[in-house]
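Each remark here refers to the structure printed beneath this line.
Please treat every number below as a calculation from the coordinates, not as lab data. Being a predicted model, the structure only gives us computed values, none of them experimental. Note that each Cβ is placed from the backbone with ideal geometry, even for glycine, and that neighbours are counted across all protein chains shown.
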Amino acid sequence: QKEVEQNSGPLSVPEGAIASLNCTYSDRVSQSFFWYRQYSGKSPELIMSIYSNGDKEDGRFTAQLNKASQYVSLLIRDSQPSDSATYLCAVNTYNAGNMLTFGGGTRLMVKP
Amino acid sequence: GAVVSQHPSRVICKSGTSVKIECRSLDFQATTMFWYRQFPKQSLMLMATSNEGSKATYEQGVEKDKFLINHASLTLSTLTVTSAHPEDSSFYICSASGDSLSLHFGNGTRLTVT
């Protein structure tokens, strides 16, 4: 079992809809969770970080964390074609320093 | 926000030559930098963890004699691909973190070995 799992997609949503991206992780002691967006041929850029159970909102993005169920999700409201990218979930454990374990990424396609 | 500069962004070299990639943290000190490799349509694969002033820690399957990492200062780490071969062609990305746990990535280096 992979340590961090994501559905590879592609996830296709119409413009203006809510895109829901999910990620599960296997290490129960994971402490910090991150969502990165990566456009084709570019390096990842940080979108959201979340450390506590519940929801964290930032503009059109909402990260949700449920440590009991070991999943973290990212909701994108009012999806735009410019949101089309691969979204990477990353997990950090306390004793791993700043090393992140990445999921395989979910490719999102927002259709006009 | 934290800025990580990676250079060059693109390099083409002949088989058997060596290529050096630089990664700099511009506005913060990074005691740890990470080097990743990404093949087309695949996720990031951690190659090594680079700590300032000490030897890098390589992930399983990564040849330390082929991928030389030097982290001479708190703002600079370099990755040298020695005796490059076509199968080394990939997208190499460095990352660094400051005080927070979040990583900031360089813009990546597209290496093509002919």
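At a threshold of 8 angstrom on Cα-Cα distance, excluding pairs fewer than six apart, so keeping six or more, what relative contact order does chain A reach in percent? Before the final figure, lay out the partial values.
Details: 283 pairs, mean separation 42.5, N = 112.
Answer for chain A is 38 percent.
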Two pseudo-spin positions, 7 Å from Cα along C-beta at A:Gln80 and at A:Asp55, lie apart in nanometres by 2.2 nm
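Contour minus end-to-end for B:Asn107 and B:Lys41, with contour as 0.36 nm per residue of separation and end-to-end as the Cα-Cα distance? Display every interim value, and only then the final one.
Numbers: separation 66, 0.36 × 66 = 23.76 nm, distance 1.73 nm.
The span from B:Asn107 to B:Lys41 would gain 22.0 nm if fully extended.
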Farthest towards the positive end of the dipole of chain B, among B:Leu74, B:Tyr58, B:Cys13 and with Cβ unit charges of +1 on Lys and Arg and -1 on Asp and Glu, lies the Cα of B:Cys13
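Can you figure out the FRET efficiency of A:Arg28 with B:Thr80, using R₀ = 41 Å and their beta-carbon distance, to the nearest 0.05? Each step should come with its number before you reach the end.
Values: r = 38 Å, r/R0 = 0.93.
FRET efficiency, A:Arg28 to B:Thr80: 0.60.
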Note on chain A: alpha-carbon gyration tensor, axes a ≥ b ≥ c; rule is a/c under 1.5 for rounded, else prolate if a/b larger than b/c, else oblate; result prolate
proj_area_mean for chain B (convex hull on C-alpha atoms), units nm², value 6.7 nm²
The answer for GluC sites (Glu not before Pro) in the stretch B:31-80 that fall in a DSSP coil and have at most 10 neighbouring Cβ atoms within 10 Å is B:Glu63
Across 5 Å bins beginning at 0, the whole-percent shares of Cα-Cα pair distances in the protein assembly as shown come to 1, 7, 14, 18, 19, 16, 12, 8, 4, 1, 0
The stretch A:16-76 and the stretch B:25-73 have their Cα centres apart by a whole-number Å value of 24 Å
In this structure, among A:Lys67/B:Lys55; B:Lys14/B:Lys66; B:Lys14/B:Lys55, pairs with alpha-carbon gaps over 23 Å are A:Lys67/B:Lys55; B:Lys14/B:Lys55
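Report the equivalent ellipsoid semi-axes for the stretch B:31-89 in whole Å, largest first, defined as the square roots of five times the eigenvalues of the gyration tensor built from alpha carbon atoms. Working shown, then result.
On the way: eigenvalues 82, 34, 20 Å².
The equivalent ellipsoid of the stretch B:31-89 has semi-axes of 20, 13, 10 Å.
Starting from the Cα gyration tensor of the stretch A:62-112, multiply each eigenvalue by 5, take the square root, and state the resulting semi-axes largest first in whole Å. Walk me through the numbers before you get to the answer.
On the way: eigenvalues 132, 37, 13 Å².
Computed over the stretch A:62-112, the values are 26, 14, 8 Å.
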If exposed means chymotrypsin sites (Phe, Trp or Tyr not before Pro) lying in a DSSP loop and surrounded by at most 15 other beta carbons within 10 Å, then the longest stretch of chain A lacking such sites spans residues A:52-112
